[in-house]
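Below is one structure, written out as structure tokens; the observations come after it.
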Amino acid sequence: MRPCDRRRSASYPDFSAIGREYGDGIRQRIGIPHPADAVIRYTTDGSDPTFGSPVFTTAINVPLATTLTIKVRAFKTDWEPSPVYSASYTVTGQVTLPSPLFTPVPGIYQSSINVVFDTATIPAGAVLRYTLNGTDPTESSPSYVAPITLPLNSTTLIRVRAYLANWLPSEIVEGLYRITGQVANVLFNPAGGTYQNAQSVNLFTTTGGAAIHYTLDGSEPDQTAPVYGAPIELALNSVTAIRARAYKTDWTPSGIREQTYIITGQVVYNEPVFTPSSGFYADQQSVTINTTIPADAIVKFTTDGTEPILASATYTGPIVVPGGTTIVIKTRAFKPDWEPSVIHTAAYNAFIVPQPQFSPAAGTYTEAQNIIITVPDAEATIYYSLDGSEPDLGSTPYTVPIFAGLNTTWNIKAKAFRPGWVPSQTANATYVITGQVLPVAFNPVGGTYTT
């Protein structure tokens, strides 16, 4: 009869971490067996532990991106070994985004762009989620499926994070994009063309904060050219080509725009206009009319008291005035694209009323003015107009000073008449009444405040 086997079985060891998947590395500890002095031996190669397997003395490190099966068994002399116990651990880790992530790279651009994400994550297959409002991406944020279009005149912060089941989300990668664009083309006011008066040309662009550079000599308006700050004054009898381009930091400059201005002016006569001048002559006279500025203007005249027009007779040589004959010669010069000259009058063997005078003289004033019109002939009556028309006997008679108030512009034409006399030449005066700029107002007014 065999003796009774009194050996007992050592109890199983306890794993500190249950076998499953982990997102970060772990250190696996194994609990104390029973009896406490039993020796725990283990394997990590899938084989069952034997008396010759390594003895467990400290925690077993399970690194990232590892799948490890640990088998353990407890041994004690004269005791039956414990059953083999095992636990499998899959340690994943943190998803890694590629670098660089964005194409094109973050920065400043002058045209709309499409931002592409590199989806080659480690490990592959992670979902890239992003935000465009500065917040942290979460698993509920939009997933990247197609390039992101960034429009002109926009600033966008793209933040990206990658997610994969059983892995820690990646670090957040962000890129700041500023899309500017091209500065709007320069506009001219007035537009280029032919003008009979001096012009003030204004330049502007609809792009806020842009600086306009311009040239007047035909050269390229680069950033070394003068900066536009006030209207460009164009004088009479000039031809000017203005070239302009607008610039703004980090923006594409506007296109070059050009306008040409032909400023002609008003035709004038060289003095004296008539030779001989007005007067009484017993003998026949040959009256000549002087040349004009510009010299190629066409000189027209009448001898019947009417105003010269383009259809009137053209002056080609001296006008014969028989002795003792009353005749009034009126002349005016014309040139295409120029303002016609004023009408000049000469009376032979007749009296002509003197030309009216203005006081104060025409000009620009900062205070209201009382404009006085006089004529050195007590028998003459002055008629005037304010609408640019030629004064005649049906116009307004001058009786009291004309009041010109602040912030107004006046163009006054005046002519003197006397029965039996030749009317005076028309006098013309322009007044610009400005005023004083209002003082700066404070709101609230100065004082002591508790808040």
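Here residue 212 meets each of (1) of a type in the set (A, V, I, L, M, F, W, C); (2) part of a loop (DSSP other than H, G, I, E, B); (3) farther than 23 Å from residue 266 by Cα with one exception, condition (2). Of all residues in the range 322-336, one or more are basic (Lys, Arg), open to solvent by less than 40 Å² (accessible area, probe 1.4 Å), touching a Ser or Thr at 6+ places or on another chain (Cβ under 9 Å) and modelled with pLDDT of 95 or more. Would you be able to say whether some residue in the range 166-173 is touching a strand residue (DSSP E or B) at 6+ places or on another chain (Cβ under 9 Å), exposed (fewer than 12 other Cβ atoms within 10 Å of the Cβ) and modelled with pLDDT of 95 or more? No, every residue in the range 166-173 fails to be touching a strand residue (DSSP E or B) at 6+ places or on another chain (Cβ under 9 Å), exposed (fewer than 12 other Cβ atoms within 10 Å of the Cβ) and modelled with pLDDT of 95 or more. Looking across 119, 149, one residue alone is surrounded by fewer than 18 Cβ atoms within 10 Å (Cβ to Cβ) and out of contact with any Leu (no Cβ under 9 Å at 6 or more places or on another chain). It is 149. Check whether at least one residue in the range 410-424 is within 30 Å of residue 315 (Cβ to Cβ) and under 41 Å from the mean Cα position of the chain (by Cα), and report yes or no. Yes, there is a match, as at least one residue in the range 410-424 is within 30 Å of residue 315 (Cβ to Cβ) and under 41 Å from the mean Cα position of the chain (by Cα).
Please work out if residue 287 is touching a His at 6+ places or on another chain (Cβ under 7 Å) and surrounded by 12 or more Cβ atoms within 10 Å (Cβ to Cβ).
Values: touching a His at 6+ places or on another chain (Cβ under 7 Å): no; surrounded by 12 or more Cβ atoms within 10 Å (Cβ to Cβ): yes.
Considered against the rule, which asks whether it is touching a His at 6+ places or on another chain (Cβ under 7 Å) and surrounded by 12 or more Cβ atoms within 10 Å (Cβ to Cβ), residue 287 comes out as no.
Collect the residues in the range 216-269 that are part of a strand (DSSP E or B), open to solvent by less than 60 Å² (accessible area, probe 1.4 Å) and farther than 28 Å from residue 178 by Cβ, keeping them in residue-number order. Listed by number, the residues that qualify are 232, 234, 238, 240, 241, 242, 243, 259, 261, 263, 269. Residue 364 satisfies every condition listed in (1) part of a strand (DSSP E or B); (2) open to solvent by 70 Å² or more (accessible area, probe 1.4 Å); (3) under 30 Å from residue 327 (Cα atoms); (4) in contact with a Ser or Thr (Cβ under 7 Å, 6 or more places away or on another chain) except (3). Within the range 183-199, not a single residue is under 30 Å from residue 120 (Cα atoms), within 26 Å of the chain's Cα centre (by Cα) and surrounded by fewer than 14 Cβ atoms within 10 Å (Cβ to Cβ).
The values are calculated or read from the model by the stated rules, or taken from the named source; none is laboratory data. Quick caveat, the model's predicted, so the values are computed rather than measured. All Cβ positions, even for glycine, are placed from backbone atoms using ideal geometry, and neighbour counts span all protein chains on display. Note: accessible area is taken over every heavy atom of the protein model, side chains too, but ligands, DNA and RNA are not part of it. Shrake-Rupley method; radii C 1.70, N 1.55, O 1.52, S 1.80 Å.
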